[in-house]
Structures are given as C-alpha cells and as structure tokens.
1. In region 277-291, what residues are open to solvent by 10 Å² or more (accessible area, probe 1.4 Å) and touching a strand residue (DSSP E or B) at 6+ places or on another chain (Cβ under 7 Å)?
2. Please determine whether any residue of region 156-178 is under 16 Å from the mean Cα position of the chain (by Cα), open to solvent by 30 Å² or more (accessible area, probe 1.4 Å) and not charged (D, E, K, R).
3. Among the numbered criteria (1) surrounded by fewer than 24 Cβ atoms within 10 Å (Cβ to Cβ); (2) more than 24 Å from H6 (Cα to Cα), which single criterion is violated by A197?
4. If the Cβ limit is 8 Å and pairs must be 6+ apart or interchain, which residue in region 118-135 that is within 14 Å of A86 (Cβ to Cβ) pairs with which residue that is of a type in the set (D, E)?
5. Please go through region 229-247 and pick out each residue that is farther than 19 Å from G273 by Cα and near ligand 1 (Cβ under 8 Å from one of its atoms).
6. Within region 312-332, can one find any residue that is within 10 Å of ligand 2 (Cβ to nearest atom), among the basic types (K, R), touching a residue at least 12 places away in the same chain (Cβ under 8 Å) and farther than 26 Å from A197 by Cβ?
7. Could you list, in sequence order, all residues of region 248-261 that are out of contact with any strand residue (DSSP E or B) (no Cβ under 8 Å at 6 or more places or on another chain) and within 13 Å of ligand 1 (Cβ to nearest atom)?
8. Would you please name the residue that is most open to solvent (accessible area, probe 1.4 Å), looking only at residues in region 245-268 that are of a type outside the set (A, V, I, L, M) and over 12 Å from G202 (Cα atoms)?
Amino acid sequence: MKQLIHKLFCRGKLSRDEIVYLLGRLDGETRQELYRLAHRKRSEKYGDKVYMRGLIEFSSFCKQDCLYCGLRAGNKAAERYRLKPAEILDCCREGYDLGYRTFVLQSGEDAWYTEEILVRLVRDIKAEFPDAAITLSIGERDERTYRSLFDAGADRFLLRHETASRNLYQSLHPTMSFDNRRKCLSVLQSIGYQIGAGFMVGLPGQTLEDLADDLLYLQDLHPDMIGIGPFIPHSRTPLGGAEAGTIDDTLAMVALARLMVPDALIPATTALGSLDASGREKALKVGANVVMPNLSPLAVRKKYALYNNKICTGDESAACRHCLELRINSAGFSVDMGRGDSLKSLRMK
Ligand code: 5AD
Ligand code: FES
C-alpha cells in the first residue's frame, strides 16, 4: 500500500486498478502517508501560501434540475434572488478594499443574465480593477458567449464535471448531458481560460471505480483548478434523505488530486467546512491551497443554499475574510492576497 503511494508521489501516475485498490484499502497508517506526501507535494509546488478568492453568489435562479442541488428549478420552496450588475460591482469594491484580487462570480444557470449583460459587467469590473482576476462560475453557455466573456476580460472559468461516470451523471442531471458538460470544459480550455473542474464525493450510488475515473479524467484534462467537496443532502431535493459523503473520503480525494495533478490550485471547499468545523483546515494540510470566503451581501447569503447547514451565511465579508485568515495561520500556512494564477498558466505566458 505504502509502495503504491510512494510510486504515485514519484511518478504522478497510477493505473485505474491501482487507484481502486488503494481507495478500497486505505487504513489509518496508509492514509497518514498519503496525507504526508500530498502535503509535501503542495509545499514543493506552492510553498505554504494559501490563495484567497472573493466569492460573489449573484443569482440563485437556476433552470437546471440536478437531483442533489437546493437551487434546482424543481425546488419551489427555494427563495430566489438576483443581484443587479451595480450590486455585483459594489461587492467587488468591498472585496477589493479587503484586499481580494480574484473575484469569483457564481450563480445558478440564470438566463436573465444575457451575454450582453455579462459582457458589460465583466468589462466594468476589469475597467475599475485591472489588476484583479475574474473567475466565472455560471454553468453551461454556448461557445460564442464563452468567447465574448473571455474577450471582455474574464480570466478563469469554474465548471465542475460533477462525476466522471456517465451513468451516474445522467441519473443525477435529468436536464443535462454528460457529453456536453465535457465539451464545455474543453471549449473553455481551448478559448484560453484557466479552467476549474471537479466533483462531489459520496454521491448516492458512487463507486470506488467512479472516483478513480474522476481522478483519471482530471489528470487527462489537466485543469488549472480542481474543486472537490463532499455531497451534502438538501432536504428539499430528491436526495434529501441520502447520506452525506464523509470527511475522510473527501480528504483522500483531495490528497490524491494533489499527487496526480501537482500544479493545480485546489480549494478547501465550503462544503468540507460545512460538514466538519475544521474541514477546511484539514484539507489545507493534505494538499489544498485555496479558500473562497464569501463576499455576497448578507441579505442574500442564506438563499444560496446548495445543501443544508452551509457555513458563513451569517458573517459579514470582512468577518469572513478575518475568520479565514486566522484559520489559515493557525493551520500553519500564510495568506496570499495576490491573483494567484495557476503554475500551468504562468508557464504558458
Ligand atoms: N452537496 C455538495 N455540493 C453541492 N453542489 C451542489 N449541490 C451540492 C450538494 N448538495 C456543488 C456542485 C456544484 C457546486 C457549485 O456546488 O458540485 O458544481
Ligand atoms: Fe466565513 Fe469563517 S470563513 S465566517
């Protein structure tokens, strides 16, 4: 077992069978070895820095109907909101003053924000804050829209692949297509965005083979960013009664992602922090190197409910920034407020 982990550390590669074998037999000792080597790899690549991104959840409307998500169109009990472009700019101003140099604009798939509205918004943010990076996380759009947003100044795009299993993907996403998801990711990458993919751990019906395929897909895609979080049920969804993913399984996947895609930026996700009070600190110690504190206006925070018991819904942006800085420092890392571009993108410049 330890041999396999060392092989992965040195070569960055394992076969599908080897990954499945490893995942099926992780015990206390091998887990610690995996964590130790993932931490070492992260230190080699990124030192002790943790990059901060200001997250603005600007619309909770969504036309899709993913079985796990609290924002799904079928959840008629969800309270919906939409921030106007001027309000989004205000969040960026507040974030810029707090020191953020990356803004992550995230929403459900909401057609109210047309290509034109989004392009103007991106241009306005870039005009006011030319030294900040803009990350979009707005779901699937056509290639033309992706291109005009890139031309307007968007730098990065997050679109989790959610699961690399075609069957599981189709059963969880009745309104979407597995092939189109993957096509969007490769289109975004070919346009020149720094892209982020990623998946949930502990989805009902997910197997060790599926998780191995998630890692192999990521290795093949080589995204700049990799978001990995536990599945957490939301009571007003068809999966409301299902078990959540576990901290240990999620941490193991974070560590493996660090070893298989060493130069990726990997966030310690809010979902991990929601499942376990020190989940994000634990992730930072096993390979994660990004955190995304919330910059959304307090009035709308609770309404962006992807899952139950989401953290940070009652904290002002300044408090959230401060809270995370303390957590990062006490976990033994240092905050980097710069743009924090991926090593891959810096090499290509
Ligand atoms: N539990 C955990 N993560 C979720 N997401 C959506 N719903 C849930 C849930 N119930 C994740 C998806 C999406 C990201 C924004 O949040 O992976 O891509
Ligand atoms: Fe948001 Fe602690 S990270 S309040």
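The values are calculated or read from the model by the stated rules, or taken from the named source; none is laboratory data. This structure is a prediction, so every number in the text was calculated from the model and none was measured. Please note: Cβ atoms are built from the backbone with ideal geometry, for glycine as well, and neighbour counts cover all protein chains shown. Just so you know, the surface numbers come from the protein's heavy atoms only, side chains and all, with ligands and any DNA or RNA stripped out. Shrake-Rupley method; radii C 1.70, N 1.55, O 1.52, S 1.80 Å.
1. Matches in region 277-291: R280 only.
2. Looking for residues that are under 16 Å from the mean Cα position of the chain (by Cα), open to solvent by 30 Å² or more (accessible area, probe 1.4 Å) and not charged (D, E, K, R), one finds at least one in region 156-178, hence yes.
3. Status for A197: all satisfied but (1).
4. Between residues of region 118-135 that are within 14 Å of A86 (Cβ to Cβ) and residues that are of a type in the set (D, E), there is no close pair.
5. If the condition is that a residue be farther than 19 Å from G273 by Cα and near ligand 1 (Cβ under 8 Å from one of its atoms), then T237, L239 are the ones that fit.
6. Yes, some residue in region 312-332 is within 10 Å of ligand 2 (Cβ to nearest atom), among the basic types (K, R), touching a residue at least 12 places away in the same chain (Cβ under 8 Å) and farther than 26 Å from A197 by Cβ.
7. Answer for region 248-261, where residues must be out of contact with any strand residue (DSSP E or B) (no Cβ under 8 Å at 6 or more places or on another chain) and within 13 Å of ligand 1 (Cβ to nearest atom): there is none.
8. P262
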